[in-house]
Structure formats: structure tokens, C-alpha cells
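Asker: Pasting a structure here, questions to come.
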Amino acid sequence: MAAAESSPLTTHVLNTSDGVPGAKMALSLHRLDTKLMIWTMITVGTTNEDGRCPGLINQETFIPGMYKLRFETGLYWEGLGKTSFYPYVEIVFTIHNPTQKFHLPLLISPFSYSTYRGN
């Protein structure tokens, strides 16, 4: 993964059901190849104890395009001994200006999720 300091894209998972960070959740970052119309995996990671995954991508790799962050929510809830309606959550977003900073929080419970663009 890229160095945490240089990542223009950050995320933060919050388990709103239990009121705690979404720690130890597997995730992956992908970019759409517009010629082949397939997703190319850029990196994989796991959220830390604070629910964050530093170093998702470095500035040089962060180019304009369509991206998705995939969170393995089903495995996360299973690890807590709970069932979940959503086996995974994918947040698809478009980057027009990669010089900006982007923050994509994910708020989850076993039966719902919400996200927004922060900075």
C-alpha cells in the first residue's frame, strides 16, 4: 500500500450498531479500465483499530477516472458473531480532480449502510 502521508483518498468505517470503529475489515480499491470496461484492483487492505485504512493510494497513481472501494462487510459481521444482509458494500465514485483530497466514510449496521464524500 502507499505511504499513509501521501494518500489523497482516505476512508473510515464506523459500526453504528455497536457505536465502535469498524476495525479489522478487509477492503479493496479498484479503478475502471474504460477501454475494456473491467475493474482493475489497485490495492487491498484492512482497517486498523480506529476503522481507518491509511495509504490506500499514492498521488502518482491517483488519476482521473472511476473508482470503487469494496468493503467485506459480511465477513466483518461474521467475525463479530452476527449475520448481515449485505455480504459486501461497494462505493463507486468518479474523480475529476485528483489533486484534491477525498474522504469516504462508511457507516454500517448489519442491515444498513451510509456513505458520503468528506474531505
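Asker: Output the strands (runs of 3 or more DSSP E) that fall wholly within the stretch 72-119 and possess 2 or more residues being touching a Ser or Thr at 6+ places or on another chain (Cβ under 6 Å) and in contact (Cβ under 8 Å) with a residue 12 or more places away in the chain, or say none.
Answerer: Output list reads 89-95, 102-109.
Asker: Scan the stretch 25-34 and tell me whether some residue there is in a loop (DSSP other than H, G, I, E, B) and open to solvent by less than 10 Å² (accessible area, probe 1.4 Å).
Answerer: Yes: the stretch 25-34 contains one or more residues that are in a loop (DSSP other than H, G, I, E, B) and open to solvent by less than 10 Å² (accessible area, probe 1.4 Å).
Asker: Follow-up. Is there any pair linking a residue in the stretch 12-38 that is over 15 Å from LEU106 (Cβ atoms) to one that is among the charged types (D, E, K, R) and at pLDDT 95 or above, with Cβ under 8 Å and at least six apart or on different chains, and which?
Answerer: Note: pairs meeting the criteria are HIS30/LYS68; HIS30/ARG70; LEU32/LYS68.
Asker: What residue, among those in the stretch 77-106 that are of a type in the set (D, E, K, R) and farther than 22 Å from THR34 by Cα, is most open to solvent (accessible area, probe 1.4 Å)?
Answerer: That would be GLU78.
Asker: Here's a check for you: in the stretch 46-56, which residue that is at negative phi and within 11 Å of the chain's Cα centre (by Cα) is surrounded by the fewest Cβ atoms within 10 Å (Cβ to Cβ)?
Answerer: By that ranking, first place goes to THR46.
Asker: Okay, next question. Identify all residues within the stretch 45-55 that are at pLDDT 95 or above and either in a loop (DSSP other than H, G, I, E, B) or under 19 Å from PHE102 (Cβ atoms) (or both); write none if there are none.
Answerer: GLY45, THR47, ASN48, GLU49, ASP50, GLY51, ARG52, CYS53
The values are calculated or read from the model by the stated rules, or taken from the named source; none is laboratory data. The model shown is predicted, which means the values in this text are computed figures rather than measured ones. Positions of Cβ are backbone-derived with ideal geometry, glycine not excepted, and every protein chain shown enters the neighbour counts. The protein model used for the area step is the full one, side chains on, heavy atoms only, and it has no ligands, DNA or RNA in it. Shrake-Rupley method; radii C 1.70, N 1.55, O 1.52, S 1.80 Å.
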